[in-house]
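Asks: One structure is given below, represented as structure tokens, and several questions about it will come after.
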Amino acid sequence: MQNEILNHLQKIADLSVRSRTSVEQYRDANKDMRTIGRELNAAYILEGSVWKLGDQFRLSAQLIDTRTDEHVWAETYDVLYSDTLFVIQTHLAKRIATSLHAILTPHEALRLTLRYTDNINSYDYAIRGTQEMANFWKYSDRKHLDAALDLFTISLKMDPVNIKALVGKGNVCLQKQQPDSTIFYCDRAIELNPTIPDAYHLKAEYYTRREKYDSAIVFYQKTVDLAPNDAMAHNQLGQLYFIRKNDVINGMRHLSKSMELNISSQPYIYFWVGWCFLQVGDYERADHYFKKEVEINLNCRTIGSYSWCLAIRQKHEQAYLFLDSACAEVDCESDCILENWYHSYCNKDYDRAENYLREYREKGYELAIHWKIALADMYIRMGREDEAGSLLEECRILYENSLERWGEIWYNTFNLSAIYAIQGEKEKVLTYLSKAFDIDMDGGGWIGIIDVHSIYQNVWDEPEFKELVKHAKTKRAALRAQIREMEERGEINL
């Protein structure tokens, strides 16, 4: 019932509705409404209970103002368990919207009245199937997936056009890697009712898994058009725009909305918001979000992200202290040794770097190929040109082969520019660096240090190199200005 009412409320654009995962943590919490409202940044909370015995059904609901801890209204419904339940769900959504003076458009009002099915028994099995899917995600136990399939199948036998069951069965098929069946059930649901967002969301997930990102964006956008408060769809859209389309602005827009709606997923969203700020060269705000994620969710990934942010800001001494502290709390041995090595190398403390590298190898770890470029540069600084030359040749061959196989993606072109920079082949540096900037003008923050990083020392004074860097930094400054304007207009809240 909680999900169904939330699904109705998510369709109202003038409301900001927290996600189920955000509010679920308060189900049995011993906290007052003021505290919960403050933690959720919510002015109102809908609280209720459901009781069912045979065909008898009671639903109690009360809307509470978290600022005063007072009831705005309270209602109890005693009915037979029948399709009257659907009328109650619609009535509650409209009552809440009216109480909060939310604007309800004619299209939204119509969508609130649309049903998944008119068959209450089919609906009941579909709801139970949905709960089994939630258990599957929670416990990673495929017995819940099989149970969900059985329940959705029974639901569809009772009503073959139950949209909730169709989408649910499509979701089971997606998890069982049955793509044709997934699309069949999605398309059937959309054919029956093109205004219910669930099928579009599932179809977007299908295209994401198949790496058809343009199609995924189309269907996630359709989802948020129909359900403006769908936090997960906003989250996925934000990531797709940022990672796959190199569109920081739309990435920020959707990530900000997701962060507002889904409090429980904020640590994960902090990661992507941090990278967005890193991409546009706002290193202080990137540092802020990476640090917040570290404080809430310390793991190997968060250690690496924050360490890289500190490297870009050339705060190596601070990085040593952070790594000593963080690595004592979690088991990220290889990452911690590697990050310490990189900071020591960047800080020109080559003896210290050599010690970390020795420890890394003695523990059986092998440097990834892109790290070998930095190691080659370090060896040159240490007067070990022969070893550096062998490493650079190994890297060059790998990235040129990768270029042939995968084409001019950022990873290939940028790393080839770094290799040729160390080797002093200025023309090739500029060619590949220009291509890398065309693909991704920043590449995870590199533009902030490229004109001081020792890898590119051989081209620091080249006019074309300076112009490339200047152009990239100008574009980043324009993006920072655009983000500030969006914040001032209230389009995003970061």
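The values are calculated or read from the model by the stated rules, or taken from the named source; none is laboratory data. These numbers come from a predicted model, not from an experiment. As a convention, Cβ positions derive from the backbone with ideal geometry for all residues, glycine included, and neighbour counts pool all protein chains shown.
Asks: With the checklist (1) buried (at least 24 other Cβ atoms within 10 Å of the Cβ); (2) under 30 Å from Ile312 (Cα atoms); (3) in contact with a Leu (Cβ under 8 Å, 6 or more places away or on another chain) in hand, flag the one item Phe242 doesn't pass.
Replies: So the condition that Phe242 fails would be (1).
Asks: Only one of these is in a loop (DSSP other than H, G, I, E, B), in the same structural domain as Ile455 (by TED's automatic domain parsing) and closer than 20 Å to Ala311 by Cβ: Tyr411, Tyr360, Tyr356, Tyr365. Name it.
Replies: One residue alone meets the criteria, Tyr365.
Asks: Sticking with this one: Please go through segment 264-323 and give me each residue that is of a type in the set (A, V, I, L, M, F, W, C) and more than 19 Å from Tyr342 (Cα to Cα), ordered by number.
Replies: Keep residues of segment 264-323 that are of a type in the set (A, V, I, L, M, F, W, C), which gives 269, 271-273, 275-278, 280, 286, 290, 294, 296, 298, 300, 303, 308-312, 319, 321-323.
Listed by number, the residues that qualify are Ile269, Phe271, Trp272, Val273, Trp275, Cys276, Phe277, Val280, Ala286, Val294, Ile296, Leu298.
Asks: Quick one: in segment 126-148, which of the residues that are buried (at least 20 other Cβ atoms within 10 Å of the Cβ) and hydrophobic (A, V, I, L, M, F, W, C) is nearest to Ile190 (Cα to Cα)?
Replies: Ala126
Asks: If a residue has to be among the polar types (S, T, N, Q), farther than 23 Å from Ile450 by Cα and buried (at least 20 other Cβ atoms within 10 Å of the Cβ) to count, how many in segment 331-373 make the cut?
Replies: Total meeting the criteria: 0.
Asks: Restricting the search to segment 324-358, which residues are within 14 Å of Arg301 (Cβ to Cβ) and either of a type outside the set (Gly, Ala, Ser) or in contact (Cβ under 8 Å) with a residue 60 or more places away in the chain (or both)? Outline the logic, then answer.
Replies: Start the filter on segment 324-358 by keeping residues that are within 14 Å of Arg301 (Cβ to Cβ), which leaves 326-327, 330-332, 334-336, 338-339.
Those that are within 14 Å of Arg301 (Cβ to Cβ) and either of a type outside the set (Gly, Ala, Ser) or in contact (Cβ under 8 Å) with a residue 60 or more places away in the chain (or both): Cys327, Val330, Asp331, Cys332, Asp335, Cys336, Leu338, Glu339.
Asks: Within segment 465-494, can you find the residues that are outside any helix (DSSP H, G or I) and within 15 Å of Phe277 (Cβ to Cβ)? Talk me through it step by step, then tell me what you get.
Replies: In the first step, residues of segment 465-494 are kept if they are outside any helix (DSSP H, G or I); the result is 489-494.
Ile492, Asn493, Leu494 - these are the residues of segment 465-494 that are outside any helix (DSSP H, G or I) and within 15 Å of Phe277 (Cβ to Cβ).
Asks: Within segment 368-408, track down each residue that is outside any helix (DSSP H, G or I) and hydrophobic (A, V, I, L, M, F, W, C).
Replies: Applying the first criterion (outside any helix (DSSP H, G or I)) to segment 368-408 yields 368, 382-384, 407-408.
The answer is Ala368, Met382.
Asks: Could I ask something else about it? List the helices (runs of 4 or more DSSP H) inside segment 1-55, counting only whole elements, that have at least 2 residues being of a type in the set (Lys, Arg).
Replies: On the way: elements: 2-9, 20-24, 33-40.
Answer list for segment 1-55: 33-40.
Asks: Another question about this same structure. Which is assigned by TED's automatic domain parsing to the domain that holds Ile96, modelled with pLDDT under 85, hydroxyl-bearing (Ser, Thr, Tyr) and farther than 28 Å from Ala233 by Cβ, of Thr68, Thr21?
Replies: Of Thr68, Thr21, the one residue that is assigned by TED's automatic domain parsing to the domain that holds Ile96, modelled with pLDDT under 85, hydroxyl-bearing (Ser, Thr, Tyr) and farther than 28 Å from Ala233 by Cβ is Thr68.
To keep it simple, each residue is scored yes or no on (1) without any contact (Cβ under 8 Å) to a residue 60 or more places away in the chain; (2) within 26 Å of Leu114 (Cβ to Cβ).
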{"residue": "Glu4", "(1), (2)": "no, yes"}
{"residue": "Leu9", "(1), (2)": "no, yes"}
{"residue": "Ser19", "(1), (2)": "no, yes"}
{"residue": "Val23", "(1), (2)": "yes, yes"}
{"residue": "Ala29", "(1), (2)": "yes, no"}
{"residue": "Gly37", "(1), (2)": "yes, no"}
{"residue": "Leu40", "(1), (2)": "no, no"}
{"residue": "Phe57", "(1), (2)": "yes, yes"}
{"residue": "Thr68", "(1), (2)": "yes, no"}
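Asks: Restricting to helices (runs of 4 or more DSSP H) lying wholly in segment 272-327: which have 3 or more residues that are of a type in the set (A, V, I, L, M) and buried (at least 18 other Cβ atoms within 10 Å of the Cβ)? Can you show your working first?
Replies: Details: elements: 283-296, 300-312, 316-327.
Helices (runs of 4 or more DSSP H) meeting the threshold: 300-312, 316-327.
Asks: Taking the criterion of being acidic (Asp, Glu), part of a helix (DSSP H, G or I) and either at pLDDT 80 or above or under 30 Å from Tyr185 (Cα atoms) (or both), would at least one residue in segment 103-124 satisfy it?
Replies: Going through segment 103-124, the residues acidic (Asp, Glu) turn out to be 108, 118, 124.
Narrowing further to those that are part of a helix (DSSP H, G or I): 108, 124.
Filter again for either at pLDDT 80 or above or under 30 Å from Tyr185 (Cα atoms) (or both), leaving 108, 124.
Yes.
Condition check ((1) outside any helix (DSSP H, G or I); (2) not aromatic (Phe, Trp, Tyr)) across all residues:
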{"position": "Ile196", "(1), (2)": "yes, yes"}
{"position": "Asp214", "(1), (2)": "no, yes"}
{"position": "Asp225", "(1), (2)": "no, yes"}
{"position": "His234", "(1), (2)": "no, yes"}
{"position": "Tyr241", "(1), (2)": "no, no"}
{"position": "Ile269", "(1), (2)": "no, yes"}
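Asks: Additional query: Report yes if Val459 is closer than 26 Å to Leu430 by Cβ and at pLDDT below 95, otherwise no. Spell out how you get there, then give the answer.
Replies: Numbers: closer than 26 Å to Leu430 by Cβ: yes; at pLDDT below 95: no.
No; evaluated as a whole, the condition is false for this residue.
For (1) among the hydroxyl-bearing types (Ser, Thr, Tyr); (2) within 22 Å of Phe271 (Cβ to Cβ), each residue gets a yes or a no:
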{"position": "Val294", "(1), (2)": "no, yes"}
{"position": "Thr302", "(1), (2)": "yes, yes"}
{"position": "Tyr306", "(1), (2)": "yes, yes"}
{"position": "Lys315", "(1), (2)": "no, yes"}
{"position": "Trp341", "(1), (2)": "no, no"}
{"position": "Asp349", "(1), (2)": "no, no"}
{"position": "Ala353", "(1), (2)": "no, no"}
